[in-house]
């Protein structure tokens, strides 16, 4: 993964302030419903609708990574988690999920480091 940028002006300390549009909120909710129903392909469609107009929504990249991981598309999932982390380097879940994908890809050392980073962030360390 490339360097994670902290130059994003919305980052304040270890919290990220995100303003999303009504459409983004709607499509994220629809994606979550599809994911909970196990319909990851439709969830990807909703998420892609977000990313077309608002590619800087880290949670959309995170959720896309989750869908791709569920579909066994680990390399693509990893790229999505990396994009999410370039936008929001303090997203504990993206670090953790990235680590799980890295482990599935046989990159255990990197995977554990990423998982540990996620745990540290979740604990506020």
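Take the conditions surrounded by fewer than 22 Cβ atoms within 10 Å (Cβ to Cβ) and touching a helix residue (DSSP H, G or I) at 6+ places or on another chain (Cβ under 6 Å) and apply them to residue 73. Does it pass? Can you show your working first?
Values: surrounded by fewer than 22 Cβ atoms within 10 Å (Cβ to Cβ): yes; touching a helix residue (DSSP H, G or I) at 6+ places or on another chain (Cβ under 6 Å): no.
Spelling it out, it is not the case that residue 73 is surrounded by fewer than 22 Cβ atoms within 10 Å (Cβ to Cβ) and touching a helix residue (DSSP H, G or I) at 6+ places or on another chain (Cβ under 6 Å).
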(message) Just to check your reading of the model, which residue among 62, 42, 36 is at pLDDT 95 or above and within 16 Å of residue 101 (Cβ to Cβ)?
(response) 62
(request) Count, please, the residues in region 69-113 that happen to be free of Cβ contacts under 8 Å to residues at least 24 places away in the same chain, within 17 Å of residue 43 (Cβ to Cβ) and either touching a strand residue (DSSP E or B) at 6+ places or on another chain (Cβ under 6 Å) or outside any helix (DSSP H, G or I) (or both). (result) 2
(request) List every residue pair whose Cβ atoms sit under 8 Å apart, with the two residues 6 or more apart in sequence or on different chains, where the first one lies in region 26-54 and is at positive phi and the second, anywhere, is at pLDDT below 95 and not in a helix (DSSP H, G or I). (result) none
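The values are calculated or read from the model by the stated rules, or taken from the named source; none is laboratory data. Given the structure is predicted, the values throughout are model-derived calculations rather than measurements. Cβ sites come from the backbone with ideal geometry, for glycine too, and all protein chains shown count toward neighbours.
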